[in-house]
Amino acid sequence: MNILLVGPPGAGKGTQAKKMVEKYNIPQISTGDLLREAIANKTELGMEAKKYMDAGNLVPDLLVEGLVKERLSKDDAKNGFILDGYPRNLEQVKAITDILNSLNKKLEYVITLDVADELIVERITGRRTSKKTGKIYHIKYNPPVDEKEEDLIQRQDDTEEVVTQRLKTYHSQTAPIINHYRKEGIVYDIDAVGTLDEVFERIEKVLN
Ligand code: ADP
Ligand code: AMP
């Protein structure tokens with residue numbers, strides 16, 4: 001299954017992708033995670049990307065394209081993948097189409113996770129991630145059982161100010177890609193308000 005998850009920041013893409021990885025045994029390819037890894041490793045690409053991420057803007061297309069191409073070419077993506085956060089504008093739609101063509105693959109499901117902007121700020125500012133396991137938590141909606149067990153961190157761009165800009169970027173640049181895929185008849189709209197399990201059940205219905 002070749003899947004793309006689309007939705008505003010905080011819609012639950014990472015959370016649902018991790019559940020899908022477990023059930024369907026295909027990798028999650030998150031450009032946000034790949035970029036944060038590059039920053040943690042202090043690579044040149046990471047240092048360049050950080051400026052854009054801290055401001056809530058998209059990182060230049062060419063920087064992200066290379067990361068995705070390399071990751072999609074790995075062996076574990078040969079039976080399917082979950083793209084999380086890429087493509088994020090119409091230029092990147094062209095790029096991913098070319099990358100997938102060159103690998104003899106194509107997208108089969110574009111799943112949108114729909115959440116109103118009003119709910120996003122609370123989801124984003126309450127997000128915590130375990131440094132040790134990469135698990136995604138929320139201080140209210142999905143708290144860890146034992147906080148001391150997990151080395152929780154808050155993302156630097158998860159502030160109210162930056163998320164406001166990330167939402168603007170989403171609506172102006174990313175949301176238009178959905179219409180592109182609608183014309184191909186592969187878009188499935190999911191209501192992403194509900195418990196984590198309720199949202200996952202809606203996704204399972206589409207994929208089963
Ligand atoms: P994205 O990858 O789309 O940015 P995440 O999966 O990281 O979003 O989720 C953002 C925050 O919202 C996290 O703190 C997560 O625990 C929380 N969250 C995810 N899904 C739900 C949900 N259905 N209801 C409430 N909170 C949720
Ligand atoms: P995310 O983890 O998906 O919320 O992404 C965090 C940040 O990484 C975004 O606000 C962008 O600055 C950057 N980013 C992630 N994916 C992309 C992409 N496909 N194109 C450009 N920038 C991206």
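All of the numbers you see were taken from the coordinates with simple rules; none came from a lab. Since the structure is predicted, the reported quantities are computational estimates derived from the model, not experimental observations. Every residue, glycine as well, gets a Cβ built from its backbone with ideal geometry; the counts of neighbours run over all protein chains shown.
Numerical summary
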quantity: For segment 14-58, the spread of Cα positions along each principal axis, largest first, Å; calculated: 35, 20, 12
quantity: Three-way shape label, the chain, alpha-carbon gyration tensor, a/c 1.5; calculated: rounded
quantity: Mean Cβ count within 10 Å, highest first, over the residues of peptides 1-13, 105-117, 25-37; calculated: 1-13, 25-37, 105-117
quantity: Segment 1-102: chymotrypsin sites (Phe, Trp or Tyr not before Pro) falling in loop per DSSP and having at most 15 other Cβ within 10 Å; calculated: none
quantity: Cα-based shape type of segment 13-87, given that a ≥ b ≥ c are square roots of the gyration tensor eigenvalues and the cut on a/c is 1.5; calculated: prolate
